[in-house]
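The structure under discussion appears below in the form of structure tokens.
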Amino acid sequence: MFENNPFNFPILSLVVFFPALAALCILFFVKKTETMRIKWLANAAGLIGFLISLPLWIGFDAGGPQFQFGERLAWIPSIGVEYNIAIDGISLLLILMTTLLGFIAILSSWRAITERVKQYYVFLLLLQTGMLGVFVALDFFLFYVFWEVMLVPMYFLIGVWGGPRKLYAAIKFFLYTLVGSVLMLLGILALYFAHFGATGEYTFNLIRLMETSYGSGLQFWVFLAFFIGFAIKVPMFPFHTWLPDAHVEAPTAGSVILAGVLLKMGTYGFVRFSIPLLPEASREAVWWVATLAIIGIIYGALVALVQKDWKSLVAYSSVSHLGFVMLGIFALNNLGLEGGILQMINHGLSTGGLFLLVGIMYEQRHTRMIGDYGGIAKVVPKYAALFLIIALASMGLPMLNGFIGEFLILQGIFQVDWVYAAFAVSGIVLGAAYLLWLYQRLMFGKLDKEENRGLADLTSRENATLVPIVVLCIFIGVYPKPFLDRLEVPVQAIVERLAPESGATAEAELLSPAEPTIPAGLTMPARLAIPAGPAPSPEPEGMLPAGPASPAPPGAPVPAAND
């Protein structure tokens, strides 16, 4: 059951399902009139959820096997579905960010939510389980279940507790994401049956599916299906139009989770599935994906510059920043991938912090119009100081986290084509422009509006939501090594999958059913091995063993073994 798990305990399952268990306890054992009890229980669940995820960081071996803390059980063996979860360095960072931002989002809701409090916290905790499940699933079926589970809580968080246009924003979010999910499902099934045609094995196991080479035609169509599904979630230009509406109408906690975690589902999908499974199609897609990413970088920044709504400005900044992440990922080299993945974390922290800052001021003034503020640094100096640090981190100032990610991304994409890097730099300049302009209009100038004179500075609870983000922004900016160390092994595994030698003729493999099934102990067949360096061992250290092959359904044709 356990694979590369130093604790011999289902800690990943505990981390994933603890929020759902807490949600069920609140739902069935607490009366809806006990508002304070519900809030305390939800906040305790958020904090405990974060604390029980910390042993993953402590026990993770950065130089060990790629996937660790594995748990594996047969689920629907007749069609090859398993409960198969594990994490690598990429998943580790995203899980810790999810549990931290989940706790912060719950804590930020203390005063903001006054109606249907019980249902609100139940949906917020269920959403946490769905997000965590996406990051740990190594079975495509299981991944898709968690992916779809996330839609329902987020739909209700926006549609019930959102702003004036909440129903429009919620339905738009749901339909966009659902369309992408259906196309992604078709791509998953295409790989599922292509793998069966090559090996006689029905499986949704990611590692097993990577052992098969797929034809260039199949790779193209599956990559396109995955691209639409993941690009909508990122969101990339031109699939971004749902994001500003969802961000502006969502409650503060919903915006924090949406920007901090949900948008990373799309970029994570490219890193975990599209690129390793479809290396040939990924290499051929670099030029047009990079072009769309650069358009998103510049377009998002320019639109942010003209926004009058503070929250809308931060929402469009996400379009620009996620364009940077995609540009790094599709550099398809170590520097670009490490920078892109680290920038996923950086964006989650800085943009999540900016949405918290919007929410804190909105609770007092009930307006998000930038023109309704001005000179408030005189009355809320602590708020202004933390705002400045988070804004500087978002724009990529050296010694803060955003700089490290952007620097690595630019290094990586420069190796591909300096023109891409030259256009991407303009996004950094524009990012500094709209963030500094926002800060100047909010904090400086005359305090000429009477409503702003009575603003209260940060409370202890509000400090507790912002200070951890500020500390991490500074720590990653000064000393990113612990984070980059944990990305080295999984990023190298992706780069090796992308080597042209690994994309050996899929058509020949798919048309030769007499080829023997790959032994369970192997994780990458010899025809996919990288020729450089020493010969690979029979069981590379970077992957979990795939276990026994799932039996084909009765009557299904099984290729004869070629002894």
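Okay, here's what the table says:
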{"read-out": "Matching residues, region 106-159, being open to solvent by 40 Å² or more (accessible area, probe 1.4 Å) and either among the acidic types (Asp, Glu) or not in a helix (DSSP H, G or I) (or both)", "value": "Trp110, Arg111, Ala112, Thr114, Glu115, Arg116, Glu148"}
{"read-out": "Considering residues of region 204-218 that are in a helix (DSSP H, G or I) and either open to solvent by 20 Å² or more (accessible area, probe 1.4 Å) or hydrophobic (A, V, I, L, M, F, W, C) (or both) only, the residue modelled with the lowest pLDDT", "value": "Ser216"}
{"read-out": "Qualifying helices (runs of 4 or more DSSP H) (wholly inside region 227-290; at least 2 residues being touching a residue at least 24 places away in the same chain (Cβ under 8 Å), over 22 Å from Leu175 (Cβ atoms) and open to solvent by 10 Å² or more (accessible area, probe 1.4 Å))", "value": "279-284"}
{"read-out": "Test for Gly431: is it under 17 Å from Met344 (Cβ atoms) and open to solvent by less than 70 Å² (accessible area, probe 1.4 Å)", "value": "yes"}
{"read-out": "Residue among Ile85, Ile26 that is open to solvent by less than 50 Å² (accessible area, probe 1.4 Å), closer than 20 Å to Leu262 by Cβ and of a type in the set (Val, Ile, Thr)", "value": "Ile85"}
{"read-out": "All positions within region 324-381 that are farther than 30 Å from Ala231 by Cα and of a type in the set (D, E, K, R)", "value": "Glu363, Arg365, Asp372, Lys378"}
{"read-out": "Scope region 1-47; condition hydroxyl-bearing (Ser, Thr, Tyr) and not in a helix (DSSP H, G or I); matching residues", "value": "Thr33"}
{"read-out": "Flag for Leu186 being closer than 22 Å to Ile79 by Cα, of a type in the set (A, V, I, L, M, F, W, C) and crowded, with 17+ Cβ neighbours inside 10 Å", "value": "no"}
{"read-out": "Filtered residue count, region 431-457, keeping only those that are touching a Gly at 6+ places or on another chain (Cβ under 9 Å) and part of a helix (DSSP H, G or I)", "value": "6"}
{"read-out": "Members of region 301-316 that are in a helix (DSSP H, G or I), of a type outside the set (Lys, Arg) and more than 19 Å from the chain's Cα centre (by Cα)", "value": "Ala301, Leu302, Val303, Ala304, Leu305, Trp310, Ser312, Leu313"}
{"read-out": "Subset of region 129-166 [of a type in the set (Gly, Ala, Ser) and within 18 Å of Ser274 (Cα to Cα)]", "value": "Ala137"}
{"read-out": "Neighbours by Cβ (under 6 Å, 6+ apart or cross-chain): first from region 17-38, on the phi < 0 side of the Ramachandran plot and of a type outside the set (Asp, Glu); second modelled with pLDDT under 90 and not in a helix (DSSP H, G or I)", "value": "Arg37/Val30; Ile38/Val30"}
{"read-out": "Of the criteria (1) of a type in the set (D, E, K, R); (2) assigned to a helix (DSSP H, G or I); (3) open to solvent by less than 10 Å² (accessible area, probe 1.4 Å), which one Glu201 fails", "value": "(2)"}
{"read-out": "Unmet criterion (only one of (1) under 26 Å from Ile341 (Cα atoms); (2) surrounded by 24 or more Cβ atoms within 10 Å (Cβ to Cβ)) for Ala42", "value": "(1)"}
{"read-out": "Any chance Leu167 is within 30 Å of Ile76 (Cβ to Cβ) and aliphatic (A, V, I, L, M)", "value": "no"}
{"read-out": "Search result, residues across region 330-348 that are part of a helix (DSSP H, G or I) and more than 13 Å from the chain's Cα centre (by Cα)", "value": "Asn334, Leu335, Gly336, Leu337, Glu338, Gly339"}
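Residue-wise test of (1) under 28 Å from Ala62 (Cα atoms); (2) open to solvent by less than 50 Å² (accessible area, probe 1.4 Å); (3) at pLDDT 50 or above; (4) out of contact with any His (no Cβ under 7 Å at 6 or more places or on another chain).
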{"residue": "Phe483", "(1), (2), (3), (4)": "yes, yes, yes, yes"}
{"residue": "Ala493", "(1), (2), (3), (4)": "yes, yes, yes, yes"}
{"residue": "Gly503", "(1), (2), (3), (4)": "yes, yes, no, yes"}
{"residue": "Ser512", "(1), (2), (3), (4)": "no, yes, no, yes"}
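The values are calculated or read from the model by the stated rules, or taken from the named source; none is laboratory data. Just so you know, these numbers come straight off a predicted model, no measurement behind them. Note that each Cβ is placed from the backbone with ideal geometry, even for glycine, and that neighbours are counted across all protein chains shown. Note: accessible area is taken over every heavy atom of the protein model, side chains too, but ligands, DNA and RNA are not part of it. Shrake-Rupley method; radii C 1.70, N 1.55, O 1.52, S 1.80 Å.
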